[in-house]
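Chemist: My questions all concern the structure below.
Bear in mind that the values in this text are calculations on the coordinates, not laboratory data. Here the structure is a predicted model, which means the values were calculated and not measured. Cβ placement follows ideal geometry from the backbone for every residue including glycine, while neighbour counts extend to all protein chains displayed.
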């Protein structure tokens, strides 16, 4: 069974712990909060070169700047349907949104966001004999 795109070997509790820390994963992409990347870099768990993140097991993700929309803070309404979603900066600009620090302004609405990156597996590094290497690695963090 797959829960939210996670490999079935990851328990619901492990998934809930990841969500609480801001790490969201689907079958093809994962949102990585800036704070998590900073901590993993300091701990030597990952390496980063340009937009390519390499995990300790050699698996790689291509990173794109992204925002996780936490809540609408101006009117309490979400006419754009963004709360709970992850959008790239390019998508936000395409919607005529303006991003600054931990907020996005879109029309009359203001959203609180978490800054980070959207990671997509690099095809040749994502093939493993023992299941999805990304699921295993992130479950261990």
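Chemist: Set the Förster radius R0 to 22 Å, insert the Cβ-Cβ distance between residue 62 and residue 101 as r into 1/(1 + (r/R0)^6), and round the FRET efficiency to 0.05.
Modeler: Working: r = 25 Å, r/R0 = 1.13.
Efficiency for this residue pair is about 0.30.
Chemist: Additional query: For residue 112 and residue 93, compute 0.36 nm times the residue count separating them, minus their Cα-Cα distance, and round to one decimal in nm. Intermediate results must be reported in sequence, preceding the final value.
Modeler: On the way: separation 19, 0.36 × 19 = 6.84 nm, distance 1.58 nm.
Roughly 5.3 nm would be gained on extension.
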